Amino acid sequence: MENNLNSLIKKNVNTDWIENLALEEINMDETGVIHMNDHLSPLYLLEESSIQFMDALREKIELFIDKFNEHRGHKNSSHKIKFFKISNTINDFMLFRNSLRLVVARKANDVISVGFLSSGKDVFAARLSEQDLRQSAAPHEIRAHIGPFNKITWKFQGEKVDMDALVKHYLSEFIRNSSR
């Protein structure tokens, strides 16, 4: 049994859900409060998934910002990218450099918006291609889709989101636009 568990952990199998079930059961025993149907509630699942998605996104972005700032050098603070959590929210955040902000926010349990704010008033989205010369005034929206067995996937323009590609795209666009 011990070897099987270690084998799963080495393969990066996500065991959070089973650990949460055990903790919920302990909580139920201690408090008497029973949540029998949370695993069937789309609202509960979407909220949990959006928080996890935002946390993972924030962790990756912070990692790359730290690496960028380290390589860029800390001598001139105007070149440094600053990271801020947005107050009164669960896990919204923004990046700031040279009057440009990249804002990542949960608009709803099933919608995460990513957009730029320039000079505190002009809102625009990242370009998606070289031909995308004019930038849209609306931030991009990443939407949750519930599939069979309540599996939630995050999609942009109908396509499944790859977290690494998303981080690379938005950080590259932010860094290039904020270098001016």
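Every residue, every condition in (1) part of a loop (DSSP other than H, G, I, E, B); (2) at positive phi; (3) at pLDDT below 85; (4) surrounded by 15 or more Cβ atoms within 10 Å (Cβ to Cβ), yes or no:
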{"residue": "L21", "(1), (2), (3), (4)": "no, no, yes, no"}
{"residue": "N27", "(1), (2), (3), (4)": "no, no, yes, no"}
{"residue": "V33", "(1), (2), (3), (4)": "yes, no, yes, no"}
{"residue": "L46", "(1), (2), (3), (4)": "no, no, no, yes"}
{"residue": "S50", "(1), (2), (3), (4)": "no, no, no, yes"}
{"residue": "D55", "(1), (2), (3), (4)": "no, no, no, no"}
{"residue": "I65", "(1), (2), (3), (4)": "no, no, no, yes"}
{"residue": "I90", "(1), (2), (3), (4)": "yes, no, no, no"}
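Given (1) in contact with a helix residue (DSSP H, G or I) (Cβ under 6 Å, 6 or more places away or on another chain); (2) under 30 Å from N14 (Cβ atoms), identify the lone condition not met by H140.
With respect to (1) in contact with a helix residue (DSSP H, G or I) (Cβ under 6 Å, 6 or more places away or on another chain); (2) under 30 Å from N14 (Cβ atoms), H140 is out only on (1).
How many of the residues making up the stretch 87-100 are out of contact with any strand residue (DSSP E or B) (no Cβ under 6 Å at 6 or more places or on another chain) and hydrophobic (A, V, I, L, M, F, W, C)?
Number of matching residues: 1.
Output the residues belonging to the stretch 67-88 that are modelled with pLDDT of 90 or more and among the polar types (S, T, N, Q).
N69
Could you list, ordered by first residue, the pairs with Cβ atoms under 7 Å in which the first is in the stretch 155-169 and in the same structural domain as R127 (by TED's automatic domain parsing) and among the basic types (K, R) and the second is assigned to a loop (DSSP other than H, G, I, E, B) and surrounded by 13 or more Cβ atoms within 10 Å (Cβ to Cβ), at least 6 apart or interchain?
Listed by first residue and then by second, the contacts come to K155/V161.
The values are calculated or read from the model by the stated rules, or taken from the named source; none is laboratory data. Computed from a predicted model, the values in this text were never measured in an experiment. We place every Cβ from the backbone using ideal geometry, glycine too, and count neighbours over all the protein chains shown.
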